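Here's the structure, in structure tokens; my notes come after.
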Amino acid sequence: MRHTAVTIDGPAGSGKSTIARQVAERLGFIYLDTGALYRAAALAVDEAGVDPADGDACAQAARHAGIELERGRVSIRGRDVTQAIRSHHISSLSSRIAVHPQVREALLSLQRSFREKSPLVAEGRDTGSVVFPDADVKVYIDASAEERARRRHEELVSKGFDISYEKVLDDLRERDQRDASRGIAPLVVPEHAAVVDTTHMGIDEVISQVMEVIQEKLAD
């Protein structure tokens, strides 16, 4: 059975994770953090010592990692890696391996399986364009690169990571370029998606606007 799917896509640091999580809670849907699945795959690649440029090897590492996502906790081979996958290194690595079609294919069926279980709010970079192209509601969250870097830097520092704002901004711009130009599933505004620019908006205002979009679409 295919349940209702709401997709929330956008570039790194746009705030889509926080928004998607709270929207899912308000709707009573499960929250699918597709980025966490790629980060888990990146951690598996890193721990296996696999060359990030080797698509086949990265995909094999991802398939054999036993990645699971339940109640906001991520595990590989039964080990909780929820915090480990949030490092700047793993975040950057996940973007590098995500350019490989083999890796994306390896994780696609896992992502789609969640819709068979429950209505969901899926968040990522291609959830509305590739993972759930027939989603009931599609939202694209955006913000300026500078604002996104500020948010990401603040988040990393609060978690104890020693990194400069300039480094975060440079890496974010590089990631934007890589995500938008990759040959498979590039970062795009999905067809029929409502675009919400959060640069000058508070989180409550953003969530309120996204909820209005969802309620209007689902009512139709």
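The values are calculated or read from the model by the stated rules, or taken from the named source; none is laboratory data. This structure is a prediction, so every number in the text was calculated from the model and none was measured. FYI the Cβ positions are ideal-geometry reconstructions off the backbone, even for glycines, and counts take in every protein chain you see.
A few comments on the model shown:
- Qualifying positions in segment 194-214 - within 11 Å of residue 16 (Cβ to Cβ) and out of contact with any Gly (no Cβ under 9 Å at 6 or more places or on another chain): 210
- Highlighted here are the helices (runs of 4 or more DSSP H) found entirely within segment 117-220 that include at least 1 residues which are within 20 Å of residue 28 (Cβ to Cβ) and modelled with pLDDT under 95: 203-219.
- Any hit, segment 175-183, residues being surrounded by fewer than 15 Cβ atoms within 10 Å (Cβ to Cβ) and charged (D, E, K, R): no
- Qualifying residue in segment 42-54 (condition: surrounded by 15 or more Cβ atoms within 10 Å (Cβ to Cβ) and under 16 Å from the mean Cα position of the chain (by Cα)): yes
For every residue, the table says whether it meets (1) within 15 Å of residue 206 (Cα to Cα); (2) assigned to a loop (DSSP other than H, G, I, E, B).
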| residue | (1), (2) |
| --- | --- |
| 3 | no, yes |
| 17 | yes, no |
| 20 | yes, no |
| 23 | yes, no |
| 26 | yes, no |
| 31 | no, no |
| 37 | no, no |
| 52 | no, yes |
